[in-house]
Amino acid sequence: MAEHVLAIDQGTTSTRAIVFDRAGTVVATAQREHEQIFPRAGWVEHDPMEIWTNTEWVISAVLGKAHLQASGIAAAGVTNQRETAIVWDRRSGQPIFNAIVWQDTRTQPRLDALARDGVGDRVTEVTGLPLATYFSASKVAWILEHVPGARADAEAGHLLFGTPDSWVVWNLTGGTSGGAHVTDVTNASRTLLMDLQTLDWSDEMLALWSIPRAMMPEIRSSSDVVGELALPGTARELPIAGILGDQQAATFGQAAFGVGDSKNTYGTGNFLLVGTGTEIVRSRHGLITTVAYRLGDQPAHYALEGSIAVTGSLVQWLRDNLGIIDRAQDVETLAMTVENAGGAYFVPAFSGLFAPYWRPDARGAIVGLTRYVTRAHIARAALESTAFQTRDVIEAVVGDAGRDLSELRVDGGMTKNDLLMQFQADILGIPVVRPRVVETTALGAAYAAGLAVGVWSGLDELREHWQVDRRFEPAMSDEERARRYRLWKKAVTKSLDWVDDDARTLMDTLGD
């Protein structure tokens, strides 16, 4: 049997294809960024056609780099930015609007109205999620309400909805010529439209948002053959055998399969997941309940998640908006030129604050500024904000679990930053453990696909692949740790209650 697996990772800023071997080692990788579209303040969009074109390119490029024959690839897995909503016409294959990205906040007034109507608790009971712009439902409803003719076409069965996994798989498997309109349970659990217990679309939630059921993809297991794609230049069709939302994929790639197993991914945002097994656990401290994975016909496994909206994207903002750095990786070099952040604290609430606060009225703030502060201090404060926000989420996890974490497993692109990882260990007071393969999102998708077609025998074999690259031990005193975190919490209060009706009116005019 073929012993290589292709992973397609459609992320917030780029699309990647990675080939892994049977040991879970990266053989080759290809990546292409796509445009971040900001039509007005609070709006974030992507071009779905650009994403699809990039997907085709990275698949072709990575197969060339890997020097593999078609017979050497056993299966493909797909992982993706979650919640981002795409609506397209099944007849033409064309999107009817740009993808509305998970960071987008344009639908906040609709959510405020629903909250005033008192439906929030019921939504959380059914879906495990709070009423928030983060999730897909309000984005789909906005498209149906604002694109001329969309509502009528949706009712007539001409339109399809999907998160990026659905869009990519539909195109890979034929598109208008019989493409598979599917998603998996992890992505479906991020829409505000799936019943956590039945693992099916909730008619009650669909009615709440006036979304026709005919638009919705079929919900499949995370590890299951859902269709086939034709490899470029060959007659061979490759099974697409795994789909996982990016954070669940990272958890899978970290071999965090059991109850209490956890990981923290550092990417565009940060996402901490803690497994709860086959039990649905409701948080009392601001975490959300989500599906972790489902293998074949086995029961679904669930998790508690703490989602942080802005971490890696803050570094991009320093590069693209302020010009403080030329390349994202330069932030560590710049931050290391100073010993600390000079008393500055950066609360990057660009899309409000997610877990554990869930404050859509928050906006970004830099506090503690004096004339002593330089761009190097700002760079360091930006990195430190990622660690502080992670501690906020871990405090919530500890509150729900009733016990401390003994260590934190990390992954994602930002974990290559040793300065950040050391500060993370310092501010948590526990070791931070970085694995040898930090691109665990793609690895998790590969694992799910490989399990479905027999490349790997089971979860125990996957656990054996996990290896430590470096362990960061805390070096900060208890007193300093407490002082720094106290000041961070004070800084957070300065970002709250910023968005009111006047502020919304101002932000609306900024895009005109």
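The values are calculated or read from the model by the stated rules, or taken from the named source; none is laboratory data. In this text, all values refer to a predicted model and were calculated from it rather than measured experimentally. Reconstructed Cβ throughout: ideal geometry from the backbone, glycine too, with neighbour counts over all protein chains shown.
Does ALA74 satisfy being under 28 Å from THR311 (Cβ atoms) and not acidic (Asp, Glu)?
Values: under 28 Å from THR311 (Cβ atoms): no; not acidic (Asp, Glu): yes.
It is false that ALA74 is under 28 Å from THR311 (Cβ atoms) and not acidic (Asp, Glu).
Yes or no, residue by residue, for (1) buried (at least 17 other Cβ atoms within 10 Å of the Cβ); (2) within 20 Å of the chain's Cα centre (by Cα):
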| residue | (1), (2) |
| --- | --- |
| SER14 | no, yes |
| VAL19 | yes, no |
| THR25 | no, no |
| PHE38 | no, yes |
| GLY77 | yes, yes |
| ILE86 | yes, yes |
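Can you go through ALA445, ALA379 and tell me which one is assigned to a helix (DSSP H, G or I), among the hydrophobic types (A, V, I, L, M, F, W, C) and within 19 Å of the chain's Cα centre (by Cα)? Give the steps one after another, and end with the answer.
Values: ALA379 fails: within 19 Å of the chain's Cα centre (by Cα).
Exactly one of ALA445, ALA379 is assigned to a helix (DSSP H, G or I), among the hydrophobic types (A, V, I, L, M, F, W, C) and within 19 Å of the chain's Cα centre (by Cα), namely ALA445.
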Among the residues of the stretch 349-371, count how many are in a loop (DSSP other than H, G, I, E, B), free of Cβ contacts under 8 Å to residues at least 40 places away in the same chain and not hydroxyl-bearing (Ser, Thr, Tyr). 2
Pick out the one residue from THR198, THR191, THR186 that is surrounded by fewer than 19 Cβ atoms within 10 Å (Cβ to Cβ), assigned by the TED database to the domain that holds ARG110 and modelled with pLDDT of 95 or more. THR198
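This table checks each residue for (1) under 19 Å from the mean Cα position of the chain (by Cα); (2) β-branched (Val, Ile, Thr).
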{"position": "ILE308", "(1), (2)": "yes, yes"}
{"position": "SER313", "(1), (2)": "yes, no"}
{"position": "TRP317", "(1), (2)": "yes, no"}
{"position": "ASN321", "(1), (2)": "no, no"}
{"position": "ASN340", "(1), (2)": "no, no"}
{"position": "TYR357", "(1), (2)": "yes, no"}
{"position": "ASP361", "(1), (2)": "no, no"}
{"position": "THR374", "(1), (2)": "no, yes"}
Looking at PRO130, PRO109, which is the one that is in a loop (DSSP other than H, G, I, E, B) and either in contact with a Gly (Cβ under 7 Å, 6 or more places away or on another chain) or not β-branched (Val, Ile, Thr) (or both)? PRO130
Does LEU314 satisfy the criteria of being closer than 28 Å to PRO130 by Cβ, in contact with a helix residue (DSSP H, G or I) (Cβ under 9 Å, 6 or more places away or on another chain), touching a residue at least 24 places away in the same chain (Cβ under 8 Å) and not hydroxyl-bearing (Ser, Thr, Tyr)? yes
Quick one: which of VAL140, VAL123 is out of contact with any Leu (no Cβ under 7 Å at 6 or more places or on another chain) and closer than 21 Å to GLY352 by Cα? VAL140
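Residue by residue, here is whether (1) crowded, with 18+ Cβ neighbours inside 10 Å; (2) out of contact with any strand residue (DSSP E or B) (no Cβ under 9 Å at 6 or more places or on another chain) holds:
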{"position": "GLN254", "(1), (2)": "yes, no"}
{"position": "VAL259", "(1), (2)": "no, no"}
{"position": "VAL274", "(1), (2)": "yes, no"}
{"position": "ARG284", "(1), (2)": "no, yes"}
{"position": "ILE288", "(1), (2)": "yes, no"}
{"position": "ARG294", "(1), (2)": "yes, no"}
{"position": "ASP297", "(1), (2)": "no, no"}
{"position": "HIS301", "(1), (2)": "yes, no"}
Picking from GLY352, GLY343, which residue would you name as being buried (at least 22 other Cβ atoms within 10 Å of the Cβ) and not assigned by the TED database to the domain that holds ASP104? GLY352
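Look at VAL437 and say whether it is hydrophobic (A, V, I, L, M, F, W, C) and within 19 Å of the chain's Cα centre (by Cα). Please lay out each step first, then the result.
On the way: hydrophobic (A, V, I, L, M, F, W, C): yes; within 19 Å of the chain's Cα centre (by Cα): yes.
Here the answer is yes, as VAL437 does meet what is asked.
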Among the residues of the stretch 454-464, how many are more than 17 Å from GLY253 (Cβ to Cβ) and buried (at least 16 other Cβ atoms within 10 Å of the Cβ)? 0
Scan of the stretch 152-171 for residues that are within 21 Å of the chain's Cα centre (by Cα), part of a helix (DSSP H, G or I) and small (Gly, Ala, Ser), ordered by number: SER166
Can you tell me how many residues within the stretch 40-64 are farther than 18 Å from GLY93 by Cβ, touching a residue at least 12 places away in the same chain (Cβ under 8 Å) and either among the polar types (S, T, N, Q) or surrounded by fewer than 15 Cβ atoms within 10 Å (Cβ to Cβ) (or both)? 2
Collect the residues in the stretch 465-480 that are modelled with pLDDT of 95 or more, surrounded by 12 or more Cβ atoms within 10 Å (Cβ to Cβ) and assigned to a loop (DSSP other than H, G, I, E, B), keeping them in residue-number order. PRO474, MET476
Among (1) more than 24 Å from THR415 (Cβ to Cβ); (2) assigned to a loop (DSSP other than H, G, I, E, B); (3) of a type in the set (A, V, I, L, M), where does VAL291 come up short? (2)
Among all residue pairs at least 6 apart or on different chains, which show Cβ distances below 9 Å where the first residue, located in the stretch 155-168, is closer than 18 Å to LEU193 by Cα and without any contact (Cβ under 8 Å) to a residue 60 or more places away in the chain and the second is crowded, with 24+ Cβ neighbours inside 10 Å and of a type in the set (A, V, I, L, M, F, W, C)? none
All but one of (1) at pLDDT below 95; (2) touching an Asp or Glu at 6+ places or on another chain (Cβ under 7 Å); (3) not hydrophobic (A, V, I, L, M, F, W, C) hold for THR289; which doesn't? (2)
Is it true that some residue in the stretch 68-89 is part of a loop (DSSP other than H, G, I, E, B) and small (Gly, Ala, Ser)? no
So SER92 fits all but one of (1) in a loop (DSSP other than H, G, I, E, B); (2) touching a helix residue (DSSP H, G or I) at 6+ places or on another chain (Cβ under 8 Å); (3) surrounded by fewer than 23 Cβ atoms within 10 Å (Cβ to Cβ); what number is the exception? (2)
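Scan the helices (runs of 4 or more DSSP H) fully inside the stretch 172-270 and keep the ones with 3 or more residues being free of Cβ contacts under 8 Å to residues at least 24 places away in the same chain. Show your work before the answer.
On the way: elements: 185-188, 203-209, 246-253.
Those helices (runs of 4 or more DSSP H) span 203-209.
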Residue by residue through the stretch 143-170, note down the ones that are among the small types (Gly, Ala, Ser) and under 22 Å from ALA76 (Cα atoms). GLY162, SER166
Among the candidates VAL338, VAL373, VAL367, VAL398, residue that is over 26 Å from THR13 (Cβ atoms), aliphatic (A, V, I, L, M) and at pLDDT below 90: VAL398
